[in-house]
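Following: one structure in structure tokens, then a few remarks.
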Amino acid sequence: MTAVPRERARIENHTCEFAGCSKRAPFGFARQRQPSHWFCLEHRAEGDRYLQRQDDLSAKASGRLPRSLA
């Protein structure tokens, strides 16, 4: 049996978006219908904060704040 040919996936080399960092960034963070933001391992927490800020803003707008922010 021979393998079925398939298109090769495009590999994109992202760089960390943290100010002053130019390391390879394998961790992508994206909100729905918005462009992705990429961070290296060292600055991965910035991506988590990026997503958390959006969740907090959505909760505030709807009147649902987590206890830690109320």
Out of all the residues in segment 29-41, which are touching a residue at least 24 places away in the same chain (Cβ under 8 Å) and assigned to a loop (DSSP other than H, G, I, E, B)?
-> Cys40
Within the set of pairs 6+ apart or on separate chains, which have a first residue in segment 12-28 that is at pLDDT 90 or above, a second that is of a type in the set (D, E, K, R) and in a loop (DSSP other than H, G, I, E, B), and C-beta atoms under 9 Å apart?
-> Thr15/Lys23; Cys16/Lys23; Cys16/Glu42; Phe18/Glu42; Cys21/Glu42; Lys23/Glu42; Ala25/Glu17
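The values are calculated or read from the model by the stated rules, or taken from the named source; none is laboratory data. Predicted, not measured: the structure shown is a model, and the values here were computed from it. Note: ideal-geometry Cβ built from the backbone for every residue, glycine included; neighbour counts use all protein chains shown.
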